[in-house]
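Let me begin by presenting the structure, written as C-alpha cells, before commenting on it.
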Amino acid sequence: MKKIFVIGLGPGKHEYMSMASMEAIKASDVVVGYKTYIDLVEDLIKDKKVISSGMKKEIDRCEIVLNEAKEDKIVSLISSGDAGVYGMAGIMLEVLNKDGSDIEIEIVPGITASNGAASSLGAPIMHDYATISLSDLLTDWELIKKRIHCAGEGDFVVALYNPKSKGRQKHIEIARDILLKYKDGNTPVGIVRNAKRDGETVRITTLNDMLNEKIDMLTTVIIGNSKTYVKNNKMITPRGYNL
Ligand code: SAH
C-alpha cells in the first residue's frame, strides 16, 4: 500500500487546488511540508500524522517522506504552486533513485505562480514564455544572466520567480537592465503579489518603471514580448489573430 504523492497545492486559496490533490491528501496517512503549506490544508489533515519541517532542508524533508513510506504509509509531500516547478518533485525523485527503492510515486500537478499571476493580469502568457528564477542559491548567477539574455533575444514573455529577497536586492535590477537591451522601455510588466491568495495585489507598469513597485519573494513579475499591450487594465499578449 505504500505510496508517495508529491502535491502542488496551487497558489493558495482552496478553490485553486485540484480535486486530485484533495483526494491524494485525504488518502494519505502522513502529510509532510513547510508550516505555511500545512496551514493551507489544515482542515483536510486533522486525522493525519503531520510533519511540518519548517527548519529542515529539502533533502532532509524527502528523506523523512521516504522513511515514512517505508513504514508502509501513504505519504503526501506538499509544495505550493506546482511541485514540479522550482518545487519538491525533482528532489523527491532523485532521493528515491539514490535509495533504489521501488516505492510507488505520483506527482500531482498544481497551478503554478505564473498561471495564477497571469490570470489576474489578463492574458500575458498567451505566447511563448520563459520562466526564470532569479535565485542563485542553487544556480550560478552567470547562467541565470545568460538565460535572461537569451529570453530577451528570443522575444519571449518572461515570468520571473524568486525576484527579490532580503539578501538578493540587485538581481532584479540587473535582470531588467539586461532585458532593456532587447525590449522597449514601454514594454508592459505585470507585478502580482500573493496571486490567488488573501491580500493579492496586481500592478501593471512598464519595463522602465517596474523597479518603483514593491517586489519581494511573494511576487511574480511578468514582462511582455514586443507585441504585448494593455487595454482596460488588462495585459494582453496577442497570438496573431487579426482583431
Ligand atoms: N512551486 C512554486 C514556485 C516556488 S518558487 C510554483 O509553482 O508556483 C517561489 C516563488 O514563486 C516566489 O518567490 C514567487 O516568485 C512565486 N510565487 C509562488 N506563489 C506565488 C503567489 N501566490 N503569488 C505570486 N508569486 C508566487
Open item on the list: What lysines does residue 70 reach when the alpha-carbon gap must be under 18 Å and sequence neighbours fewer than 8 apart in one chain are set aside?
Closed with: 2, 3, 48, 49, 98
Task: Charge dipole magnitude, Cβ of K and R +1, D and E -1 - the chain, Cα centre, debye nearest 20 - done: 740
Task: Count of lysine pairs in segment 123-214 with Cα separation under 26 Å (8 or more residues apart, or interchain) - done: 24
TODO: At 1.4 Å probe size, with no ligands or nucleic acids counted, give the accessible surface of residue 86 in Å², nearest ten.
DONE: 120
Task: Using alpha-carbon coordinates, inclination of helix 171-180 to the longest axis of the chain, degrees - done: 40
TODO: Could you tell me whether segment 113-236 comes out rounded, prolate or oblate from its Cα gyration tensor? Rule is a ≥ b ≥ c as square roots of the eigenvalues, rounded for a/c under 1.5, then prolate if a/b exceeds b/c, otherwise oblate.
DONE: oblate
TODO: Principal axes first, then extents: for the Cα atoms of the chain, list largest minus smallest coordinate on each axis, whole Å, largest first.
DONE: 57, 36, 34
TODO: Go ahead and estimate [θ] at 222 nm for the chain from helices alone: -39,500 (n - 2.57) per DSSP H run with n ≥ 4, summed, over the residue count, rounded to 500.
DONE: -8500 deg cm²/dmol
- [ ] Under a 10 Å cutoff between Cα atoms, tell me which one of 194, 225, 186 has the largest fluctuation in the Gaussian network model of the chain.
- [x] 186
TODO: Would you list which aspartates and glutamates come within 16 Å of residue 227, measuring only between C-alpha atoms, while excluding same-chain residues fewer than 8 positions from it?
DONE: 128, 153, 155, 184
Open item on the list: Among 125, 199, 152, which residue has its Cα furthest toward the positive end of the charge dipole of segment 107-243, with +1 on Lys/Arg Cβ and -1 on Asp/Glu Cβ?
Closed with: 199
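The values are calculated or read from the model by the stated rules, or taken from the named source; none is laboratory data. In this text, all values refer to a predicted model and were calculated from it rather than measured experimentally. Every residue, glycine as well, gets a Cβ built from its backbone with ideal geometry; the counts of neighbours run over all protein chains shown. Accessible surface areas use protein heavy atoms only, side chains included; no ligands, DNA or RNA. Shrake-Rupley method; radii C 1.70, N 1.55, O 1.52, S 1.80 Å.
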